[in-house]
Each structure stands twice: as structure tokens, then as C-alpha cells.
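So the structure is just underneath, and the comments pick up after that.
The values are calculated or read from the model by the stated rules, or taken from the named source; none is laboratory data. Predicted, not measured: the structure shown is a model, and the values here were computed from it. Please note: Cβ atoms are built from the backbone with ideal geometry, for glycine as well, and neighbour counts cover all protein chains shown.
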Amino acid sequence: MVRRKSEWPTQDELVICTVTKVFAQGAFAKLDEYGGKEGMIHISEVASGWIKNIRDFVREGQKAVCKVLAVDPERGHVDLSLRRVKDSQRRWKVQQHKREQRAERLLELAAKKLRKNLDKAYDEVGFALQDRFGDLYSALEKLAAKGKEALAGMNVDEKWIDALNEMAASTVEAPVVEVVGYIDLSCNSPNGVEVVKASLINARDSIKTPEVGAEVYYVGSPRYRVRITAPSYKVAEGALQKFAEIATAEIKKAGGHGEFHPVPKGE
């Protein structure tokens, strides 16, 4: 069971639940990530429209992604909704939960190397990683990409850093995202083709690093497709913008024309 440092979920949070009891006016569900605390899904929050038989939508033992509507720690009440979770949100949460389950298994393996249990692992390093990186798997991805420097400044025993770094290096792939843009370059001088080629090569070589990759494809005069890969969208988009600035500046310096056309993420 993936654990959270907080004892209770927050309003509007997406949570993984296990339906424990179904009755005429709703269902009770166990919050898997919060120590098995129980929440309630009122029939009006099970599905949109009129419901003839609630068991057509929920059943005991079913895993579900719910949205937290309200939390009352004093009374121990959590109100949940099934119908307010979009399909895209459900897919994202399920994928995220699987990532966290894998990260927890790796944390437990690291703990065994140090002769500690999972409870100790969370207390000594797991919750701290969640606080800093948002979740355990993101922390392991950072370790895979940057090594121990990813945890610089954390008040964590060096033995944990060594164990987790070794685990991440051997089992976790560093994250890679991709952004794409188009750039129009033209130059009417006698050596215009060489000028365009040189501007693209210089721009590519200026932004490439061990973490950032750049590829350029000819689409059709005067357009070129630029593909950037990097550990995060922020880094990738920054590199793409720098590529465009360098290429257009060089082509204009030679008397040509340059224009950049970014492509929104997901297109």
C-alpha cells in the first residue's frame, strides 16, 4: 500500500479506493493510500443521470478512482465522487499509482540492504522524498538522471542516498520528454543553401548536452522540423526556444529570413 505523510486527503484530490459496501443510497470505499480510512460515495455522486440499480455501477471489491469532495477529520468523514472524475484523470491516477507502487517496492529493497523495514524507510527518507519531489518515483527518476547530486541539501543519512542511488541507477530509466517546432529559413545569396545548413548545425550544436538532444528534419523549402528531447518540458521548451533564436539570428545576419513556429504539447 502506497503511503502518504498526511493522515487525510485534501479536497479535490484524486484517490485510489476499494469499494467495501454497496447499499441503496451509495457505497463505502476504503482509501488505499491513507491507511484504509473510509469514505462514502453518495448515489448522486456515483454516475450522472438516473440510477436504477446502483450495482450496475459499483460493486464490493472494485478498485476505483474517486475525487475528494470534503474531508472532516474530527468526525472521520470523507465524501467521495466517482462521476466527477474524467477518463483522462482516471488514467493518469492509475498510472501514477502504479509508478508509486513500483517506487515503494524499490524503497523496500533499499531498506532491506540497510537491514531496515518499510516503516523505517518512510520515516527516514520516503516522506522527505515525497515532500521534495512530489512522489517517490519522481525522486528515483531524478536520481537516475543526475545521480546523488539530485538529493543535495536533503537532511538524509548518506547510507540511504547511496542505497537509493544504486537502486535507481540499475532499475529506473531517466525521464525523457519531447517537444517539436517548425522553423522557416531561407537565404537568396549564392551560397544560401550552405548558409541555411550552417545556421541549423550551429543552433543544434549550441543546445546539445548529455541531457538535451536535438534533431532537425527537412520538411520542404523553407521549412524544417526541430525535435528536442530533455528530462523535463521546461528544459526541452527552453532548448527549443534557444535553437530558434540562434538559427534565425544567424540567417538574418546573412541577409536571409527566419521564422519559428512552435507546436503546442500533444499536437
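Restricting to helices (runs of 4 or more DSSP H) lying wholly in segment 90-194: which have 1 or more residues that are touching a Pro at 6+ places or on another chain (Cβ under 8 Å)? Outline the logic, then answer.
Numbers: elements: 118-121, 127-133, 136-146, 158-171.
The qualifying helices (runs of 4 or more DSSP H) are 136-146.
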Say whether the condition of being touching an Asp or Glu at 6+ places or on another chain (Cβ under 7 Å) and surrounded by 11 or more Cβ atoms within 10 Å (Cβ to Cβ) is met by at least one residue in segment 50-67.
yes
Can you report the number of residues in segment 97-121 which are crowded, with 17+ Cβ neighbours inside 10 Å and among the polar types (S, T, N, Q)?
0
Could you tell me how many of the residues in segment 34-73 are free of Cβ contacts under 8 Å to residues at least 40 places away in the same chain and either assigned to a helix (DSSP H, G or I) or under 26 Å from the mean Cα position of the chain (by Cα) (or both)?
9
Taking the stated definitions as given, is Lys234 among the basic types (Lys, Arg) and modelled with pLDDT under 90?
yes
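Based on this model, can you work out whether Val216 counts as in contact with a Cys (Cβ under 6 Å, 6 or more places away or on another chain) and at pLDDT 90 or above? Lay out the reasoning, then the answer.
Numbers: in contact with a Cys (Cβ under 6 Å, 6 or more places away or on another chain): no; at pLDDT 90 or above: yes.
Judged against the criteria, Val216 is not a match.
What about Leu69, is it of a type in the set (A, V, I, L, M), touching a Ser or Thr at 6+ places or on another chain (Cβ under 6 Å) and closer than 29 Å to Gly126 by Cα?
Yes.
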Checking Leu143 against (1) closer than 24 Å to Ile228 by Cα; (2) of a type in the set (A, V, I, L, M, F, W, C); (3) assigned by TED's automatic domain parsing to the domain that holds Leu240, which test does it fail?
(3)
Take Tyr224 and decide whether it is in contact with a strand residue (DSSP E or B) (Cβ under 7 Å, 6 or more places away or on another chain), of a type in the set (Phe, Trp, Tyr) and surrounded by fewer than 17 Cβ atoms within 10 Å (Cβ to Cβ).
no
Please go through segment 15-31 and give me each residue that is touching a residue at least 40 places away in the same chain (Cβ under 8 Å) and surrounded by fewer than 18 Cβ atoms within 10 Å (Cβ to Cβ), ordered by number.
Thr18, Thr20
